[in-house]
Amino acid sequence: MRHELIIIGSGPAGYTAAIYAARAALEPLVIAGPEPGGQLSKTSEVENFPGYPQGILGPEMMEDLRKQAERFGTRIIYDQVEKAEVCSTPKRLWLSSGEVLEADAVIIATGSSPKWLGLEAERRLYGAGVSACAVCDGFFFRGKPVAVVGGGDTACEEALYLSKLCSEVHMLVRRDEMRASKIMQKRVKATPNIRVHWNTITVDILGEQFVEGVRVRNRLTDEESEIPVKGFFVAIGHQPNTQLFVGQLEMDANGYILTRGKSTHTSVEGVFAAGDVQDPIYRQAVTAAASGCMAALDAERWLSEKKFIEANP
Ligand code: NDP
């Protein structure tokens, strides 16, 4: 069946795009993807989304966004796209169920996934001290010691952010140098309550119900030690969920979809990108939602121009 607009992804970007597109009578179809609600459906309290003075639970906020999108006629399919052909006309999407969908325009809002170390305790203690987002969860560790793993710009940013809230920030860097830009390194080194542990590998996260500490090993001496912390932030990079579109859309060296100027237009006509999938810098729910709105407006304009051209050849 051919649709005017299909939105891939159901995080803040996807649902906001759906709200705007549905109100513009485009009858959008949302493919919810492997993690309906996106990364926020896995977080606890969201306290920085404007409009919620008391904060709101991430899953609850995503439920509200879903209901708001459905209220205006959005249809949601709880399935995932296995293969996409976005350069063709119409664009074609193959779902896990076997269904094949066709669309005039597609908004890609598939988000990104934080990279993890691969420790069992990371999963067990996720939301109980383990996090991949200091801006989201740092507040819960006010006055307490925390650890940040990684030596890139993200890790430095997370450590600097946490240093303003937490008693001490232990940065665990696996080599004897950081990958981060010089200026970020300088800021980190100039912050008295950030302690950088060089050549340090995370062996395990300690704690049964909540994070109590981290066991580390010095890569040069093989010596193991424990650092008591209440929060454990993994900041070893994000992976944009763009594997479906490799070879079809222009991307940067890290796989983020490139958009044209200040718009959400990708390198392919009728394909728009919104949210973390095209944003390596801000990665916030509110910025994702804003770009979802932009993508819906861009798609609506593009579709009406296309209809006009087709009607007036
Ligand atoms: P990066 O890939 O730049 O850095 C990842 C860091 O994590 C590296 O220090 C890496 O170590 C370390 N790491 C990777 N795997 C492991 C592991 N298994 N155990 C321990 N450490 C590990 O990712 P970022 O997210 O920091 O940055 C991504 C891009 O976004 C970069 O281009 C960055 O400049 C940009 N960015 C820009 C910002 C800004 O301009 N304000 C803010 C944030 C990001 P190693 O070096 O040994 O590989």
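Below are the figures for this structure:
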item	result
Close pairs (8 angstrom Cβ cut-off, 6 or more residues apart or separate chains): within 22 Å of D276 (Cβ to Cβ) in the stretch 226-239, of a type in the set (F, W, Y) and within 16 Å of the ligand (Cβ to nearest atom) anywhere	V234/W116; I236/W116
Per-region count, the stretch 45-79, residues under 21 Å from the mean Cα position of the chain (by Cα) and crowded, with 19+ Cβ neighbours inside 10 Å	8
Selection from the stretch 126-136 of residues that are among the aliphatic types (A, V, I, L, M) and either assigned by TED's automatic domain parsing to the domain that holds L40 or within 20 Å of G237 (Cβ to Cβ) (or both)	V130, A132, A134, V135
Conditions (1) touching an Asp or Glu at 6+ places or on another chain (Cβ under 9 Å); (2) within 14 Å of the ligand (Cβ to nearest atom); (3) farther than 19 Å from G237 by Cβ; number of the one not met by M184	(3)
Tally, over the stretch 190-205, of residues that are closer than 21 Å to R142 by Cα and either within 11 Å of the ligand (Cβ to nearest atom) or without any contact (Cβ under 8 Å) to a residue 60 or more places away in the chain (or both)	7
Top-ranked residue in the stretch 250-274 [being farther than 20 Å from K91 by Cα and either β-branched (V, I, T) or within 16 Å of the ligand (Cβ to nearest atom) (or both); ranked as surrounded by the most Cβ atoms within 10 Å (Cβ to Cβ)]	Y256
Boolean, G73 is on the phi > 0 side of the Ramachandran plot and in contact (Cβ under 8 Å) with a residue 12 or more places away in the chain	yes
Residue selected from the stretch 137-156 under the condition within 15 Å of the ligand (Cβ to nearest atom) and touching a residue at least 60 places away in the same chain (Cβ under 8 Å), by the criterion nearest to G213 (Cα to Cα)	A147
Residue satisfying all of: in the stretch 206-249; in the same structural domain as C136 (by TED's automatic domain parsing), out of contact with any strand residue (DSSP E or B) (no Cβ under 9 Å at 6 or more places or on another chain) and of a type in the set (S, T, N, Q); nearest to the ligand (Cβ to nearest atom) among these	T221
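The values are calculated or read from the model by the stated rules, or taken from the named source; none is laboratory data. This one's a predicted model, so the numbers in the text were calculated from it and none came from an experiment. With ideal geometry, Cβ positions are generated from the backbone for all residues, glycine too; neighbour counts draw on all protein chains shown.
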